[in-house]
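Notes follow the structure.
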Amino acid sequence: MKPIMYGVIGGGGAVMIAIVIILVSQSTPQYALLLNPVIQTGTSTDMHVMVQNTGKAPLTNVRVDYGHGTKADIIPVLNPGEKVWLSPSNIDTNNNVVVTDDQGVTVTKPYTTPIKTPLADSD
């Protein structure tokens, strides 16, 4: 009787794990992008734009448009999970960054400034 109980419990656990894997894999969209344009000011101004493929399939001809006639950057192929950092120059920070691709994904975001945290005194 105990081997049957262990088999039922083990089989039930395997079914639950399979269901979780299926649900997680289905929740990831085929095509998706994460965009994070950041501007840091201080003695100089640094601008960085991070583009990441958060979908399940590769994205092609990913175009990063900074606006106002500034030359766009093109990423020929961005594979799932792949992240690219770009450092545009001479950009009007009042612009939004617009990213498009051949698969029809469009993401628009303004530049953000990271929150500066004060350093603790080390007395």
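The values are calculated or read from the model by the stated rules, or taken from the named source; none is laboratory data. Remember, it's a predicted structure, so these values are computed and weren't measured experimentally. Cβ coordinates were reconstructed from backbone atoms using ideal geometry, including for glycine residues, and neighbour counts include every protein chain displayed. Each accessible area value is taken on the protein alone, full model and side chains, heavy atoms only, with ligands, DNA and RNA left out. Shrake-Rupley method; radii C 1.70, N 1.55, O 1.52, S 1.80 Å.
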- Task: For the stretch 65-76, state whether one or more residues are open to solvent by 60 Å² or more (accessible area, probe 1.4 Å) and either modelled with pLDDT of 95 or more or in contact with a Lys or Arg (Cβ under 7 Å, 6 or more places away or on another chain) (or both).
- Result: yes
- Task: State the number of residues belonging to the stretch 7-34 that are open to solvent by less than 80 Å² (accessible area, probe 1.4 Å) and either touching a Ser or Thr at 6+ places or on another chain (Cβ under 9 Å) or at pLDDT 80 or above (or both).
- Result: 5
- Residues that are open to solvent by 40 Å² or more (accessible area, probe 1.4 Å), at pLDDT 95 or above and in a loop (DSSP other than H, G, I, E, B), drawn from the stretch 95-122: ASP102, GLN103, GLY104
- Within the stretch 67-87, is there a residue that is closer than 29 Å to ILE115 by Cβ and out of contact with any strand residue (DSSP E or B) (no Cβ under 8 Å at 6 or more places or on another chain)? yes
- Return only the number of the condition from (1) in a loop (DSSP other than H, G, I, E, B); (2) modelled with pLDDT of 75 or more that PRO37 does not satisfy. (1)
